[in-house]
Amino acid sequence: MPAIHDCADPMSLLDGVRAARTAIAAGRCIVMPTDTVYGIAADAFSHAAVAGLLAAKGRDRGFPPPVLVADRAMASALAESVPAELEPLLDAHWPGPLTVILRAQPSLTWDLGDTGGTVAIRVPDHPIAIGLLRETGPLAVSSANLHGRPAPTEAAAAAEMLGDSVAVVLDAGTVGGAAAAGEQNGSTILDCSTPGTFRIVRQGVLPRAVIAEALGELLVDG
């Protein structure tokens, strides 16, 4: 089983973040808290690390992981451009449970899977996640569950499912909350990769009504 660090204890948190940073640099996967669910994270720029993340979840290249970043500046370095219409949503919900799919910078030397030239980006609203991302840079992060199992809101559940495929688990207690009926407890994913059109491709905890209020007729049915 991976080493589990209790982030409620300051010394354990310090040791855990150091261990997580070392594991990421070595191309290993870790489990980290976000504001929605626990995530399995790896260096977004390491082909082998991303492949290990997908293998740990039992997924293939057809399920490229989103990339978590610490702030808007880090996101801008990954995206070719950010639509002006999207800015009010980012102002209100970054950090927060909104993932946006944008055209990726073509110069980036990474391999997240079969992305079609896009990247899904989010700034999580969790202090431990933000602190780690400031040290590591962008991380490929997907929910810390086996494919087809519920996304965990407890670190122990993530560790039990993923086992030795992750090196470090940062335990920040219960995160997120229960999802509404028919929805997921992760972030809401908004596809912004087609100019002038926005589409929700996964309904998460950020309600569609909030996005529709900001985008109006630019938000089309999925």
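Full-extension gain between Asp6 and Ala55, please, as 0.36 nm times their residue separation minus the C-alpha to C-alpha distance.
Working: separation 49, 0.36 × 49 = 17.64 nm, distance 2.62 nm.
Extending this stretch completely gives an extra 15.0 nm.
Only beta bridges with both residues in the chain are counted; by DSSP, about 60 percent of them are antiparallel.
Three principal axis extents describe the C-alpha atoms of the stretch 73-222; from largest down they are 44, 39, 28 Å.
If each DSSP helix of 4+ residues adds -39,500 (n - 2.57) and the sum is divided by the residues in the chain, what number results at 222 nm, nearest 500 deg cm²/dmol? Rounded to the nearest 500, the figure is -8500 deg cm²/dmol.
When the convex hull of the Cα atoms of the stretch 35-159 is projected onto a plane and the area is averaged over all directions, what value comes out in nm²? Numbers along the way, then the final one.
Working: hull surface 29.7 nm².
The number I arrive at for the stretch 35-159 is 7.4 nm².
Please work out the C-alpha center-to-center distance from the stretch 105-132 to the stretch 81-104 and express it in whole Å. After rounding, the separation between the Cα centres reads 13 Å.
Dipole of the chain computed with +1 at Lys/Arg Cβ and -1 at Asp/Glu Cβ about the Cα centre; of Val166, Ser187, Ser81, farthest Cα towards the positive end is Val166.
Probing with 1.4 Å while keeping every protein chain in the model, the per residue accessible area of the chain equals 43 Å². Ligands, DNA and RNA aside, Arg202 has an accessible area near 70 Å² when probed at 1.4 Å. Per-residue SASA remark: Val201, around 80 Å² accessible (1.4 Å probe; ligands, DNA and RNA not included). Subtracting the Cα-Cα distance of Glu213 and Thr22 from 0.36 nm times their residue separation leaves 64.5 nm of extension gain. Classify the stretch 1-97 from the C-alpha gyration tensor, please: rounded if a/c falls under 1.5, else prolate or oblate depending on whether a/b exceeds b/c. Here the stretch 1-97 falls in the oblate category. A 1.4 Å probe, protein heavy atoms only, puts the accessible area of Ser193 near 20 Å². Calculate how steeply helix 47-57 sits against the longest principal axis of the alpha-carbon atoms of the chain, using the helix alpha-carbon long axis, and give the answer as 0 to 90 degrees to the nearest 10. The angle comes out near 80 degrees. Principal axis analysis of the Cα atoms in the stretch 55-119 yields extents of 35, 26, 19 Å, listed in decreasing size.
For the stretch 71-222, with all protein chains in place and a probe radius of 1.4 Å, 51% of the accessible heavy-atom surface sits on carbon or sulfur. FRET efficiency for the Asp164 to Asp71 pair, using the beta carbon distance and R₀ = 35 Å, is estimated at 0.60.
The values are calculated or read from the model by the stated rules, or taken from the named source; none is laboratory data. Quantities reported herein were computed from a predicted structural model and do not represent experimental measurements. So basically every Cβ, Gly included, is an ideal-geometry build from the backbone, and we count neighbours across all protein chains shown. Side chains are part of the model used for accessible areas, which takes the heavy atoms of the whole protein and leaves out ligands, DNA and RNA. Shrake-Rupley method; radii C 1.70, N 1.55, O 1.52, S 1.80 Å.
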